[in-house]
Number of protein chains: 2
Amino acid sequence: MEIKVVRKVLDANNTMAAQNRKLFAEKKVFVLNMMSSPGSGKTATLERTLSLLMPEVKTAVIVGDICTSNDADRLAKSGAPVIQINTGDLSGGDCHLAAHIIADAASNLDLGNLDLLIVENVGNLVCPAEFDIGENARTVVLSVTEGEDKPLKYPLMFRVCDTAIVNKIDLLPYLDYDIHAAVSNILQVHPQMPIFQLSAKTGHGFDAWLNWLKRQLLI
Amino acid sequence: MEIKVVRKVLDANNTMAAQNRKLFAEKKVFVLNMMSSPGSGKTATLERTLSLLMPEVKTAVIVGDICTSNDADRLAKSGAPVIQINTGDLSGGDCHLAAHIIADAASNLDLGNLDLLIVENVGNLVCPAEFDIGENARTVVLSVTEGEDKPLKYPLMFRVCDTAIVNKIDLLPYLDYDIHAAVSNILQVHPQMPIFQLSAKTGHGFDAWLNWLKRQLLI
């Protein structure tokens with residue numbers, strides 16, 4: 001019975017995701033779903049990404065968190081429209097963003113005046129990978145402090161994503177971290193996935209990441 | 001309908017958790033549930049914990065991962081019995097350990113010959129907090145690379161845990177991290193929770209952590 005209901009929930013989500021995707025295509029908005037563990041640096045990566053894209057690329061952000069508006073407060077400084085979603089804290093809070101949540105949030109954005117919509121998902125390397133939100137592409141952010149084996153331990157996330165960011169490379173001198181092993185593990189799960197090694201703190205590696213992102217735009 | 005089924009699943013889990021708790025009490029085994037984001041250093045913390053406890057404290061470990069036996073391989077070097085659970089990768093893998101999984105795993109351990117059973121849960125700061133597995137105490141591990149605001153953003157995890165470990169403090173000199181803010185945020189969510197600041201890499205801070213752990217034992 002549980003499995004049936006889970007399937008029904010996922011089917012309903014997929015229907016809504018398809019509607020989102022159609023709307024975004026009509027409005028020529030490219031939608032990126034960013035996912036990662038808590039604390040991998042999604043928000044810091046977005047802060048720098050927005051500062052380098054705006055105002056040339058008209059960008060908005062939808063941020064999902066169980067609680068707080070910390071991330072939205074940080075991102076709003078860029079001047080981009082930012083919508084914070086709190087998934088609530090009644091029984092722990094939803095562990096992912098679903099398509100109907102994105103539809104609600106997007107209805108508050110002037111889509112006709114946007115090139116790019118970035119969704120910063122709830123920090124969780126498991127559940128968000130299972131929910132299509134109507135995005136055009138997915139990026140997983142992995143911090144070098146998380147260890148090299150995460151792609152092998154959480155393979156679905158790395159399979160469903162189109163690109164991977166390996167963040168916090170400024171910390172490499174202070175860690176016993178084999179970045180070649182990390183890259184090799186990502187490619188083992190998802191052969192030929194573009195991987196961007198960067199530091200949201202120093203800005204190292206952002207050129208390649210932004211070039212990729214700009215090439216995806218529908219304008 | 002979804003909510004009803006979720007409640008039913010949680011009720012069934014609670015019944016099984018109560019059975020686990022009764023069995024562990026009869027066998028005088030103290031059971032600790034360790035939870036955290038992926039990559040916070042649960043396994044490294046356990047490696048050092050086992051090396052300092054064993055053989056004085058007879059300890060076993062149940063490790064939950066979606067895929068791989070990497071963590072069990074690392075922990076087995078301590079000589080402790082280690083059982084690896086893989087929650088599977090069919091639709092992403094289960095995002096938490098449930099009580100019936102722990103019952104199955106524990107049936108493969110010689111409980112009468114154990115003082116301490118540590119469960120290393122699936123790396124996820126959201127969902128495992130919702131599932132009682134029949135443990136006696138819960139510890140959340142937070143790495144200093146994850147940012148100071150995680151207790152506020154994932155409050156249920158910090159509310160349901162009895163202690164918190166702030167790990168990787170050896171990296172503090174290389175981070176813009178305000179450990180006082182992190183501690184204050186933990187205490188805001190869970191007043192008076194014992195917090196152990198430690199480095200699984202250098203061993204700093206392990207005395208206080210091990211003293212706490214030994215005081216919990218039922219022997």
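The values are calculated or read from the model by the stated rules, or taken from the named source; none is laboratory data. Model, not experiment: these values are computed from the prediction. Because the Cβ atoms are built from the backbone with ideal geometry, glycine has one as well, and the counts that use them run over all protein chains shown. Accessible surface is based on the protein model in full, side chains and every heavy atom, while ligands, DNA and RNA are left aside. Shrake-Rupley method; radii C 1.70, N 1.55, O 1.52, S 1.80 Å.
Brief remarks follow.
- Residues in chain B average 40 Å² of solvent-accessible surface per residue, probe 1.4 Å, ligands and nucleic acids excluded.
- Rounded if a/c under 1.5, otherwise prolate or oblate - the stretch A:138-211, Cα gyration tensor axes: oblate
- Taken about its Cα centre, chain B carries a charge dipole of roughly 480 debye when the Cβ of each Lys and Arg holds +1 and the Cβ of each Asp and Glu holds -1.
- Charge tally for residue A:181 (other residues, Cβ to Cβ under 12 Å; Lys, Arg +1; Asp, Glu -1): -3.
- For the residues B:150, B:27, a 1.4 Å probe over the protein chains yields an accessible-area ranking, largest first, of B:27, B:150.
- Candidates A:69, A:107, A:184, ranked by Gaussian network fluctuation over chain A, Cα under 10 Å, top entry: A:107
- Considering only B:35, A:16, B:55, the residue lying farthest towards the positive end of the dipole of the protein assembly as shown is A:16, judged by Cα position with unit charges set on Cβ.
- Carbon/sulfur fraction of accessible area - the protein assembly as shown, other protein chains in place, 1.4 Å, %: 52 percent
- Heavy-atom accessible surface that A and B bury in contact, both chains counted, 1.4 Å, Å² to 100: 3400 Å²
- Relative contact order of chain A, pairs being alpha-carbon contacts under 8 Å that are 6 or more residues apart, as %: 26 percent
- Tensor-based shape of the protein assembly as shown (alpha-carbon gyration tensor, a/c under 1.5 rounded, otherwise prolate or oblate): prolate
- Candidates A:64, A:39, A:134: whichever shows maximal mean-square fluctuation once chain A is modelled as a Gaussian network with Cα springs under 10 Å: A:39
- Euclidean distance between Cα centres, the stretch B:161-205 to the stretch A:77-124, Å: 30 Å
- Each of residue A:107 and residue B:184 was given a label point 7 Å from its Cα along the Cα-to-Cβ line. The distance between the two points is 4.0 nm.
- Considering only B:19, B:84, B:192, the mean-square fluctuation computed in a Gaussian network model of chain B, springs between alpha carbons under 10 angstrom, is largest for B:192.
- Ellipticity at 222 nm from helices only: DSSP H runs of n ≥ 4 in chain B, each -39500 (n - 2.57), divided by the residue count, give -11500 deg cm²/dmol.
- Taking other residues whose beta carbon is less than 15 angstrom from the beta carbon of residue A:18, and scoring Lys, Arg as +1 and Asp, Glu as -1, yields -2.
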